[in-house]
Amino acid sequence: MKPKYKRVLLKLSGESLAGEMKHGIDFETVLKICKPIKECVDAGVEVGIVVGGGNFWRGRSSGEMDRTRADHMGMLATTINALGVCDALEQLGVNVRVQTAIAMHQIAEPYIRNKAVLHLQKGRVVVFGCGTGNPFFSTDTAAALRAAEIEADIVMKATMVDGVYDSDPKKNPNAKKYDTISFHEVLNKDLAVMDSTAASLCKDNNLPILVFSIDDPENIYKAVCGENIGTIVTAND
């Protein structure tokens, strides 16, 4: 299969890295996820990755804690995941750089857009940690922002469901899955693709989003090759 996209931004949820443990990092699962990413790189695709932190901490679920501080804790959780993904990719022989939106020079590069693009052009995977570096913004929004900054062709959201539905498929067995859908419809119907800030950012920058299941990690390579998996969200009505 020949890749359809030259440069992609892959959004990985923290939960996907936890595997069956449901919490923390299951390194065998991370390796399985990273193998198709290596396939993408070997095929000449430039790959940026944004990781979530929900397998360790969610700022919005922190109860009475100050939201800004809770979100900062979530950013640190994404850094743990970014380092785990980096290690797995390196074990597979992939050149990787971790860049974080909050400076932590001893373990990662600070996020610099031009440097990130240069890494991508040299065939290195860039893993972006710490979200946007700001509280009140999700890692979905970070994925949309980084994708726009590095001029990615598409945002690929690897998630726990196999696409976008008109209602929750876990609660409604008759939920309808979309093959394609517009940003306008996603925002109007408040569908669970990304949060509204992320979806609006992609819409404003004409960045398509592909939502697909990570249950089979090989879907990552299939998605890059343009196979008909998941749901694609575009600006077209």
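Compare N188, N55, N134 in a GNM of the chain, Cα atoms joined below 10 Å, and give the one with the largest fluctuation. For the chain, modelled as a Gaussian network with Cα springs under 10 Å, the answer is N188. Along the chain, the exposed loop sites are trypsin sites (Lys or Arg not before Pro) outside DSSP states H, G, I, E and B with at most 16 other Cβ atoms within 10 Å, and the longest stretch free of them is 23-121. Among G129, G24, G226, whose mean-square fluctuation peaks in a Gaussian network model of the chain (Cα, cutoff 10 Å)? Taking springs between Cα atoms under 10 Å, the residue moving most is G226. With the cut-off at 29 Å, tell me which of the pairs K22/K115; K115/K177; K170/K203; K11/K115; K122/K157 have Cα atoms farther apart than that. Correct reply: K22/K115; K115/K177. For the chain, the antiparallel share of DSSP beta bridges with both residues in that region comes to about 15%. Loop-only chymotrypsin sites (Phe, Trp or Tyr not before Pro) in the range 128-237, please: DSSP not H, G, I, E or B, and at most 15 other Cβ atoms within 10 Å. Taking the range 128-237 and a limit of 15 other Cβ atoms within 10 Å, the loop chymotrypsin sites (Phe, Trp or Tyr not before Pro) found are F136.
For the pair K171 and K35, label points projected 7 Å from Cα toward Cβ lie 3.6 nm apart. Annotation for the range 49-109 versus the range 175-237: alpha-carbon center distance of 24 Å. The length gained by stretching the chain between E15 and D204 to full extension, at 0.36 nm per residue less their Cα-Cα distance, is 65.2 nm. Multiplying the residue separation of A192 and D215 by 0.36 nm and subtracting their alpha-carbon distance yields 6.5 nm.
Rule-based calculations on the coordinates, nothing more; no lab input. Predicted model, so just to flag it, every value in this text is computed and none were measured. Note that each Cβ is placed from the backbone with ideal geometry, even for glycine, and that neighbours are counted across all protein chains shown.
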